[in-house]
Amino acid sequence: MSGLYEMLIKGIKETLYMTLWSTALAYALGLPLGVILVATDRGGLRPMRGLNAALGIIINIARSIPFLILLIAVIPLTRAIVGRMVGSTATIVPLTLSAAPFIARLVESSLKEVDAGVVQAARSMGASPMQIICKVLLPEARPSLLLGAAIAITTILGYSAMAGIVGGGGLGDIAIRYGYYRYQRDTMLITVALLVLIVQAFQEVGARAAKRIDRRI
Amino acid sequence: MPEIILQTRGLSKRFATGDPVLEDVDLDITAGEIFGLIGKSGAGKSTLARCVNFLERPSSGDVLFEGKPLSSLAPRDLYKARRSMGMIFQQFNLLMQRSVLGNVLFPMEIAHWKKSKAVARAKELLDLVKLSDKENAYPATLSGGQRQRVAIARAMALSPRVLLCDEATSALDPETTRGILALLRDINQRLGVTIIVITHEMLVIESICTRVAILDNSHVAEIGPVREVFTHPKTEAARALVQSDGRAERLLRLIESNGLTVEEVLSRVGIV
């Protein structure tokens, strides 16, 4: 029993490790992409039709590749970056790549919610496009961005469980190895329950934080 | 010879689709005046307001601010020029995630002021608009009139020479409107700021403007001192505006401003 307990603790740690790192790295890529999508859009701060369309298409293509296929397709890249192709750290590479375009869209939709009048007011005060992004769009969209982050993190958590199929580590890995391959139903149920709890926790914390920092009420 | 602070020359704006919104608009705004721009909705007022500080680039023609053509300015210099032209809006357009103080600080942050200097200036401005007690409040908790006061303080932060008011009182009730107009008049008199008032409301023009231009169907139909244009409208557009908008209200105000009541006036002319 203590063996199972230790295994689950290790699984939780691995899952959190993969999820948090992937989310952070995916935001490092996705946030600027989302900003570029908004800024280069028609009527945006710096309309650039070609770039906007090209970026949109690339993001859509990346988003339509099934995660399991991406996971296998990027193995050479994973190996080049991490030095190995299995384990939690290796899983971060495909997770990041698959989440970044999704996050770009989340960020795009959050920034588009910002009132155009406020942007116009900032322009009338002589704000440059960069200042408008940093001092108007991002701060004004903060609650919505935070809600988006809760969605992103829970989605990435779900994907991280899929990585168990190729020995990615974490709770998903345990669920597949013990629950699916060895028919240990209890282990699988406990693992799934843990995943549900973690998702609930992230969602709840994100929603509450978004509400608490929002000054519009 | 009074200084001309702002000029539009042959200003035209045409969007990708449809008819021109503005055609060949020539205006000369004198430093220190309160200039009114009135017209029906769809006449092109708001587009003109946004063209004045190049938020919207004119399709042709130019705007000269202190003699400098805005079209010749590089982006950086245009941002600088805009800092000399404050602007307030119908919907206030405050930053909802910033406190009142934070909103007033915003333009000074944009202009890279030192924090301590900016805070001192912001407090001074909040005092000017009589909102010192609200500096830590957030816009969502303020009334419309209070929000517009914050917007005015914010627009005045960088000591602009011109203040553009785009339908600034159109979302406010009559009493609040009077308060905001009194504040604008005060700013004009005490600080010498040139004010351009864009509105569809005759009363606003009558209350504070010295001169008025009537915008009709993308053109300036008539321009002159408020009293002259309103008492002797020369064009059809001006007549339509003067006659359709708030005659009864203006009559009442005229009576009241002479210290009379409606009953007294009616009895004097022998109606009652």
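No value in this document is a laboratory result; all are computed from the given coordinates. No experiment lies behind these values; they were computed from the predicted model shown. Every residue, glycine as well, gets a Cβ built from its backbone with ideal geometry; the counts of neighbours run over all protein chains shown.
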So for A:ARG208, B:ARG50, fewest C-beta neighbours within 10 Å to most, what's the order? A:ARG208, B:ARG50
For the protein assembly as shown, take the convex hull of the Cα atoms, compute a quarter of its surface area, and give me that in nm², please. 32.3
Quote the relative contact order of chain B in percent (integer), defining contacts as alpha-carbon pairs under 8 Å separated by 6+ residues. 23
Given a Förster radius of 41 Å and the C-beta distance between A:ARG42 and A:ILE9 as r, what FRET efficiency does 1/(1 + (r/R0)^6) yield to the nearest 0.05? 0.20
Beyond 32 Å, what percent of the Cα pairs of chain B remain? 28
Within the stretch A:135-217, which chymotrypsin sites (Phe, Trp or Tyr not before Pro) sit in a loop by DSSP and count at most 10 neighbouring Cβ atoms inside 10 Å? A:TYR183
Expressed as a rounded percentage, what relative contact order does the stretch A:2-213 have, with Cα pairs under 8 Å and six or more residues apart? 27
Note down the nm distance, to one decimal, between modelled labels 7 Å out along Cα→Cβ at B:ARG76 and at A:ALA201. 5.1
Residue by residue through B:151-162, how many Cβ atoms from other chains fall within 10 Å of the Cβ on average? 1
Taking chain A and counting helices only, DSSP H stretches of n ≥ 4 at -39,500 (n - 2.57) each over all residues, the nearest-500 ellipticity at 222 nm comes to -25000 deg cm²/dmol
Over what distance in Å are the Cα centres of the stretch A:144-178 and the stretch B:40-69 separated? 53
Taking each pair of distinct Cα atoms in the stretch B:92-144 once, what is the resulting Kirkwood hydrodynamic radius in Å? 11.2
Can you pull out the GluC sites (Glu not before Pro) in the stretch B:1-47 that DSSP calls coil and that have at most 15 other Cβ atoms within 10 Å? B:GLU3
When chain B is treated as a Gaussian network with springs between alpha carbons less than 10 Å apart, the largest mean-square fluctuation among B:SER170, B:SER257, B:SER60 is found at B:SER257
